[in-house]
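Written out below as structure tokens is the structure these notes cover.
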Amino acid sequence: MALVERSYQLLTIQMRDRDLNKSSVEMRFSALLDLTDFLAAIPTVVVAALAGISDAVVVGWTLTRQAVDSAPALPGEASDVERKGVFSALTDNGHTVTVSVPSILNTKVIDRTNQINLADAAVITFTNILDGTTLLDTAFMVSNRDEPVVEVIKGEKHHRASSKG
Amino acid sequence: MAAIDRLVRVHLSDRDDRQGYITLRLSLLTSMADTIDSVLTVLVPATLAITDAIATKVSVIYKENLEYTLPGSGSLVSHAALVFWRNTDDDIAALIIPALADTIAYTDDESYGVITDLSIFDELTSVLIDLEAMDAQGIPINGTVIAASLFV
């Protein structure tokens with residue numbers, strides 16, 4: 001089948017009680033809501049309304065929009081998400097950030113090495129997303145320190161447990 | 001809004017139905033619709049050209065962790081309220097509200113947990129109607145609360 005966008009966005013509000021037990025409230029909202037207005041309304045309106053009737057505390061929220069393939073095709077026999085293509089990149093401040101691609105194609109790995117061929121056309125297309133602006137016109141990839149990713153420097157094949165993603 | 005995390009994630013699955021994913025952090029908040037379109041048209045094809053797994057789901061995730069102080073000693077998330085709304089199509093929407101405040105006199109004595117003062121949900125209902133909210137199953141919350149009950 002194909003990835004199909006869901007018509008809604010899911011808001012999950014995480015709450016904790018005195019003993020740090022966790023619970024959450026899940027609601028759907030129209031995907032057509034203005035993002036800026038809605039993000040402003042979450043803490044000031046939705047969280048405030050919950051605070052009026054609950055004595056747990058809101059510790060965070062997550063807004064998610066998804067596209068899902070409900071009947072995906074069967075992957076190839078050689079596919080294995082634990083065979084990762086691990087790309088390392090530098091930020092503009094010299095820090096390193098990595099991105100793992102599950103089930104990297106063996107044909108993208110240089111024979112007799114575990115190095116991913118960064119000169120391969122398909123690999124270049126992918127790495128341009130990491131260190132360029134081809135994903136979005138205005139947004140680009142940053143590290144968890146919010147530093148822009150400026151250069152992919154290495155790609156290696158590793159075997160890592162799938163639970164790590 | 002600088003504290004809001006901005007992630008895109010492509011979920012991949014292999015022949016043995018094991019899951020993996022790629023996560024990228026974006027530099028700024030953009031329209032979720034534009035972002036997911038870009039992920040579908042740019043990131044997914046580029047990924048599928050270098051992997052033999054298949055993409056089963058893509059997500060655009062905005063999230064924020066809020067600073068908080070420890071709630072009062074009476075708070076207990078398992079002391080929740082199950083609230084029902086009848087909407088304008090006569091469907092029933094439902095939400096679970098954790099840790100219903102024990103400072104609210106919401107039940108009569110010997111009411112077995114049935115919340116008798118439904119007006120305590122008026123503000124929440126007003127907010128949800130304004131935002132055209134739906135419950136987790138997608139049923140619109142656009143009517144009045146018809147019943148609510150405590151459960152643990």
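The values are calculated or read from the model by the stated rules, or taken from the named source; none is laboratory data. Since this is a predicted model, take the numbers as computed values, not measurements. Positions of Cβ are generated from backbone atoms using ideal geometry, with glycine treated the same way; all protein chains shown enter the neighbour counts.
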Check region B:12-34 and report whether any residue there is basic (K, R) and part of a loop (DSSP other than H, G, I, E, B). yes
Residue in region A:129-140 that is at negative phi, facing chain B (nearest Cβ under 8 Å) and over 19 Å from the mean Cα position of the chain (by Cα) present: no
Only one of (1) of a type outside the set (S, T, N, Q); (2) at the interface with chain A (Cβ under 7 Å from one of its Cβ atoms); (3) surrounded by 22 or more Cβ atoms within 10 Å (Cβ to Cβ) fails for B:A93. Which number is that? (2)
Within region A:42-60, is even one residue surrounded by fewer than 20 Cβ atoms within 10 Å (Cβ to Cβ) and touching a residue at least 40 places away in the same chain (Cβ under 8 Å)? yes
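Kindly indicate whether any position in region B:71-81 is closer than 29 Å to A:V123 by Cβ, more than 7 Å from chain A (Cβ to nearest Cβ) and either part of a loop (DSSP other than H, G, I, E, B) or acidic (D, E) (or both). It would help to see each step written out before you state the result.
To start, the set of residues in region B:71-81 that are closer than 29 Å to A:V123 by Cβ comprises none.
No, that holds for no residue.
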Taking region A:133-160, which residues are closer than 17 Å to B:T30 by Cα and surrounded by fewer than 18 Cβ atoms within 10 Å (Cβ to Cβ)? A:T133, A:T134, A:D137, A:T138, A:D146, A:P148
Take A:A119 and decide whether it is among the small types (G, A, S) and modelled with pLDDT under 95. no
List every residue pair whose Cβ atoms lie under 6 Å apart, where the two residues are 6 or more positions apart in sequence or sit on different chains, the first residue falls within region B:24-45 and is within 13 Å of B:V58 (Cβ to Cβ), and the second residue, located anywhere, is among the basic types (K, R) and surrounded by fewer than 17 Cβ atoms within 10 Å (Cβ to Cβ). none
Would you say A:T107 is in a helix (DSSP H, G or I) and more than 7 Å from chain B (Cβ to nearest Cβ)? yes
Region A:81-104 - residue that is free of Cβ contacts under 8 Å to residues at least 60 places away in the same chain and at the interface with chain B (Cβ under 7 Å from one of its Cβ atoms) and, of those, nearest to the chain's Cα centre (by Cα): A:V99
Being within 18 Å of B:E132 (Cα to Cα) and exposed (fewer than 15 other Cβ atoms within 10 Å of the Cβ) is the filter here; which residues of region B:57-90 pass it? B:T88, B:D89, B:D90
Of those in region A:1-31 that are among the hydrophobic types (A, V, I, L, M, F, W, C), outside any strand (DSSP E or B) and within 8 Å of chain B (Cβ to nearest Cβ), the residue farthest from B:L95 (Cα to Cα) is A:L3
Residue list for region B:104-125, filter: more than 8 Å from every other protein chain (Cβ to nearest Cβ), part of a helix (DSSP H, G or I) and either at pLDDT below 85 or over 16 Å from the mean Cα position of the chain (by Cα) (or both): B:L118, B:S119, B:D122
Kindly indicate the residue of region B:5-18 that is out of contact with any helix residue (DSSP H, G or I) (no Cβ under 6 Å at 6 or more places or on another chain) and at the interface with another protein chain (Cβ under 7 Å from one of its Cβ atoms) and also surrounded by the fewest Cβ atoms within 10 Å (Cβ to Cβ) among those meeting that condition. B:R15
